[in-house]
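Throughout, read-outs are computed from the coordinates displayed, never taken from laboratory work. Since we're looking at a predicted model, the values are computed, not measured. Ideal geometry is used to build each Cβ from the backbone, glycine not excepted, and the neighbour counts take in all protein chains shown.
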Amino acid sequence: MRSRVVKLFRAYLTDGTAGRGVGTVVDINADGLHVSCHGGVVAIRELQVPGRKRVTAKELAAGRGVAIGDRLEKPPPPSGESA
């Protein structure tokens, strides 16, 4: 999410099908941030950006912290560690 490490809370697997690349945000609604994954779609209800309070997916989207089409990616390992 725009090169930031974000903590995810209250995530669950939905009945949805992805159809887009793994890690792509496919929807944002009252149920959460819907992200494409290998097994379908994961909904993430709350997120926390470093230095900020934990918020709902809709609140984060309203503040333009995330949008449909954004990609969530695994952060690089801390320096000195291998992947």
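Shown is the FRET efficiency for Asp27 and Ser79, computed with R0 = 30 Å from the Cβ-Cβ distance and rounded to the nearest 0.05: 0.30. Seen from every direction in turn and averaged, the convex hull around the alpha carbons of the chain projects onto 5.9 nm².
Which part of segment 57-77 falls in the paramagnetic zone of Cys37, meaning amide N under 12 Å from the point 7 Å along Cα-to-beta-carbon? Hits in segment 57-77 for Cys37 at 12 Å: none.
Which ordering of Leu47, Leu72 is given by a fewest-first count of other beta-carbon atoms within 10 Å? Numbers along the way, then the final one.
Values: Leu47 25, Leu72 20.
Lowest to highest Cβ neighbour count: Leu72, Leu47.
Its relative contact order, with pairs defined as Cα atoms under 8 Å and 6+ residues apart, puts the chain at 31 percent.
The distance between label points at Arg71 and Lys7 comes to 2.7 nm (points 7 Å beyond Cα on the Cα→Cβ vector).
Fewest to most neighbouring Cβ within 10 Å: what's the order for Glu46, Glu73, Glu59? Before the final figure, lay out the partial values.
On the way: Glu46 17, Glu73 10, Glu59 13.
Fewest-to-most ranking of Glu46, Glu73, Glu59: Glu73, Glu59, Glu46.
Largest GNM mean-square fluctuation across Ala30, Ala57, Ala11, computed for the chain with C-alpha springs under 10 Å, falls on Ala30.
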